[in-house]
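Reviewing the structure listed below.
The values are calculated or read from the model by the stated rules, or taken from the named source; none is laboratory data. Keep in mind the model is a prediction, meaning the values are calculated, not measured. FYI the Cβ positions are ideal-geometry reconstructions off the backbone, even for glycines, and counts take in every protein chain you see. Heavy atoms of the whole protein, side chains included, go into the accessibility calculation; ligands, DNA and RNA do not. Shrake-Rupley method; radii C 1.70, N 1.55, O 1.52, S 1.80 Å.
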Amino acid sequence: MYQPVTAEIISIGDELLYGQILDTNSKWLSEEMDKIGIRVVRKTTIGDDKESMRQAFVAASEKVNIVLMTGGLGPTKDDLTKNVLADFFGSQLVLFPQALEDVKRLFESRGRELSDTNRAQAYLPSNCQYIHNEVGTAPGMWFEEKGTIWMSMPGVPHEMKHLMEKAVIPRLKEKFTLPVIYHKLVKTVGIGESWLSDIIGTWEDQLPSHIRLAYLPSLGEVKLRLTGFGENQEAITREVDEQIASLLPLIEPYVYGFNNDTLSSAIGHLLVQKGKTLALAESCSGGYISHLVTGIPGSSEYFNGAVVPYHNVFKESILGVLETTLVSHGAVSEETVREMAKQVRLKFNADYGLSSSGVAGPGGGTASKPVGLVWIACDDGKSCKTRKLQLTQDRTVNIHLTAVAALNLLRETVIQKSN
């Protein structure tokens, strides 16, 4: 039966709490633990405070198999990790001759003399196993105490990574019988998290205990992450894929891809597969949709071009939108985006014309056309699909959501035309 091996990551340093340094260490550590089948169940960030550190150590000792600590190992008085660990384990700091020799050698290689402050780096808790840091002065310390593996490492990212790759990960693999962890993402668009949950609720309730589902919402999209835990890679991969196969019929209209797929890459693949081309006319999105489309390598195979007629005069003179349409209905209207989509398709000799026009904000809204009102359209030469969006008060969010909605409208049009 699958038995999880769990870990906690403890990041130490006032600079992390003040926001002066971004904690990239914990993200990297989580990814590396996941690769070898260790489940990180908690991350804790604490300042350079003895009592906070002690409380974190107590909590970790009661919860996980492995504690990975970074930070607080420098030579100055505000670096407290060694002292607190010694107190916590009931040991004392003693000189490790090999640690002293290693730090001396490092200073000599750099043409510098070892100071008393740096000499103190060689004093470690008596109950630790010293791990040589080949790229820095702060030592690594491995403990096997209170039924838990503890590893203390410097907070400097390249030093921490070196210790993990050269020493810690190999030791963990020897120490534990590690399970397999397999993730697969199902990516959806055009449906909210709660609606998605309602549709797949019965399927979700029937998942076996060793396969977990997580909802990962982002702007305009929801990712479903299935995570399987087991002892055999082939078996757990097959089992997760079988669960996804039973899920897809429930939500097929909303699924655009898996794992590393993006909406724009999925649409590019679809257009190449169908041998079709695209042209864009963007107003409120200001070229952002074009940016997403052309961000995909090989997009020249299906993307013919774009125009951003931000002012009405250019919607007329460059794109060919009728003056009467703009006067009667305004730039932000179903009628205008219909003409924009049709005209850009014709001008660029494309199979599909996609357009956007709206009030991105934060100003410019009226009672009848408030900030966040957006119209999008997709013309395929025989019909034109339109959609009205009522978005947020945030300009950046509105531009992104417009792009997602427009690309999804294109996706739906291509799929429906193919069926």
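I'd like the accessible area for Asp261: 1.4 Å probe, protein heavy atoms, all chains in place, Å² to the nearest 10.
The accessible area of Asp261 comes to roughly 60 Å².
Can you tell me the dipole magnitude for the stretch 232-326 around its Cα centre, using point charges on the Cβ only (Lys, Arg +1; Asp, Glu -1), in Debye to the nearest 20? Kindly include the intermediate steps, with their values, before the conclusion.
Numbers: 4 positive and 10 negative charges, 68 e Å.
Magnitude of the dipole: close to 320 debye.
Would you tell me the accessible area of Glu108, worked out with a 1.4 angstrom probe on the heavy atoms of the protein chains, in Å² to the nearest 10?
My reading of the accessible area for Glu108 is about 130 Å².
Measure off, as a whole percent, the carbon and sulfur share of the 1.4 Å-probe accessible area of the chain, all protein chains present.
With neighbouring chains kept in place, the figure for the chain is 49 percent.
Which order do His329, His210 take when ranked by solvent-accessible area (1.4 Å probe, heavy atoms of all protein chains), largest first?
Details: His329 80, His210 50 Å².
Greatest to least solvent exposure: His329, His210.
How large is the accessible surface per residue of the chain, computed with a 1.4 Å probe and reported in Å² as a whole number? Spell out each step's value before the answer.
Working: 20060 Å² over 419 residues.
Value returned for the chain: 48 Å² of accessible area per residue.
Name the most mobile residue of Lys173, Lys77, Lys385, meaning the one with the largest mean-square fluctuation, in a Gaussian network model of the chain with Cα contacts below 10 Å.
Answer for the Gaussian network model of the chain: Lys77.
Which whole-number percent gives the relative contact order of the stretch 1-79, counting Cα pairs below 8 Å spaced six or more residues apart? Walk me through the numbers on the way to the answer.
Working: 108 pairs, mean separation 35.8, N = 79.
That works out to 45 percent.
Which one, Gly19, Gly136, Gly71, has the greatest fluctuation when you compute a Gaussian network model over the chain with C-alpha springs under 10 angstrom?
Taking springs between Cα atoms under 10 Å, the residue moving most is Gly19.
Have a look at the DSSP beta bridges in the chain and tell me what percent are antiparallel, nearest 5.
Numbers: 45 of 72 bridges.
Counting only bridges with both partners in the chain, antiparallel ones make up about 60 percent.
Could you order Phe96, Phe57 by accessible surface area, starting with the largest, using a probe radius of 1.4 Å?
Numbers: Phe96 35, Phe57 0 Å².
My answer, sorted largest first, is Phe96, Phe57.
In deg cm²/dmol and to the nearest 500, what is the mean residue ellipticity at 222 nm of the chain if only DSSP H runs of at least 4 residues count, each as -39500 (n - 2.57), divided by the residue total?
On the way: 15 runs with 164 residues, N = 419.
Result for the chain, helices only: -12000 deg cm²/dmol.
Which entry is the computed mean projected area of the Cα convex hull in nm² for this structure: (i) 27.0; (ii) 21.6; (iii) 19.8?
(i)
So for Thr45, Thr202, Thr237, what's the accessible-area order with a 1.4 Å probe, most first? Working shown, then result.
On the way: Thr45 65, Thr202 95, Thr237 35 Å².
Largest accessible area first, the list is Thr202, Thr45, Thr237.
Which value in nm describes the separation of the simple spin-label points at Thr237 and Lys77, placed 7 Å from the Cα toward the beta carbon?
5.7 nm
Given the C-alpha centroids of the stretch 228-246 and the stretch 62-140, what is the distance between them in whole angstrom?
Comparing the Cα centres of the stretch 228-246 and the stretch 62-140, I get a distance of 43 Å.
Which of Ser264, Ser115, Ser52 moves most in a GNM of the chain, Cα contacts under 10 Å?
In the Gaussian network model the winner is Ser115.
Give me the number: length gained by fully extending Thr396 to Glu51, i.e. 0.36 nm times residue separation minus the C-alpha to C-alpha distance, one decimal in nm. Show your work: numbers first, answer last.
Details: separation 345, 0.36 × 345 = 124.20 nm, distance 4.25 nm.
Length gained, Thr396 through Glu51: 120.0 nm.
So, taking all protein chains as they sit and a 1.4 Å probe, how much accessible area belongs to Arg42, in Å² rounded to tens?
Roughly 80 Å² of Arg42 is accessible to a 1.4 Å probe.
Amide H to amide H under 5 Å from Asn133: which residues, 5+ apart in sequence or cross-chain, H placed 1.01 Å off N in plane?
Gly140
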